[in-house]
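The values are calculated or read from the model by the stated rules, or taken from the named source; none is laboratory data. What you see is a predicted model, and the numbers here were worked out from it, not measured in a lab. Cβ: placed from backbone, ideal geometry, glycine included. Neighbour counts: every protein chain shown.
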Amino acid sequence: MRQAFPLSLLILGLSGIPSLSQEYYGIVTAVPVYRTIVVDGDVSDWDGIAPACLDPSGDGGLHYDFAACYLANDRDYFYFRITFTSPQPYGDYFWYLNTGFDTDMDSNTGHRWPAVFGSEFNIQGRQVFDQRCGDWVCTIDPASEENLWGTFAYVDVAPMEGNVTDVEFAIRRDLVYKNMEDGQPGLSNPDESPLFDPEFNDFILVFETEDETFTSVEWMPDTDPNSNETGIIYTFAPPPADVPGWDLY
């Protein structure tokens, strides 16, 4: 069931406490931005785009401490950029950092996180995992090297080497839940439905880091101190009048 968020909650954050910055706590709402980003590690493409969320320094996990994120889209891709408080080895330990997507905007469906958040799919490094069944990976066989650890699609990421302050990502808006040509990873429900449902134009995402035991340490946005909710609502920006749109699915 898809949930709607009252405007008053979106303005104040789900805590409903005006003194808590919307940039730091609970559910926040990003300003839609239509722009094509070249995912090459050069963040100059993001010039003029304000952060969708800011995060306090010093509360990070084993390898990562979030500072901010930036969001944008064009007709083909959804782009996001994570900024760390200092240069950090993203490509060396990417399995400790997750980006969850709640595409039905219902925290009671998909994979339930320690915070109040339910994701239909998750990005870890370049890998995309189906989480609609509620498990961490929705595959017939347990995730393993033989079935690509459950990966059914890949995103563009840069850079993946060295200590970096910023990492850029791009995920195609027309991706569907299906196995690869060799049948991997054996999704439990390869129904070829779209990751981003064209019936809706918005979704919620959250960033999470973990310690060496894979226990959640940091969220961006930080969880609401009262409700434990977290997430950034993003609505796809429409193309300018001079850029033709197209049916995604």
Next on the checklist: Among the residues in region 45-64, are any crowded, with 21+ Cβ neighbours inside 10 Å, within 30 Å of T213 (Cβ to Cβ), of a type in the set (F, W, Y) and at pLDDT 95 or above?
Outcome noted: no
Next on the checklist: Can you tell me which residue is nearest to F66 (Cα to Cα) among those in region 142-158 that are at pLDDT below 95 and of a type outside the set (G, A, S)?
Outcome noted: W149
Next on the checklist: If I filter region 229-238 down to residues being assigned to a loop (DSSP other than H, G, I, E, B) and within 18 Å of the chain's Cα centre (by Cα), which single residue comes out as surrounded by the fewest Cβ atoms within 10 Å (Cβ to Cβ)?
Outcome noted: A237
Next on the checklist: Need the failing condition index for A72 against (1) modelled with pLDDT of 95 or more; (2) within 14 Å of V167 (Cβ to Cβ), just the number.
Outcome noted: (2)
Next on the checklist: What's the number of the only condition in (1) more than 18 Å from D102 (Cα to Cα); (2) crowded, with 20+ Cβ neighbours inside 10 Å that D130 fails to meet?
Outcome noted: (1)
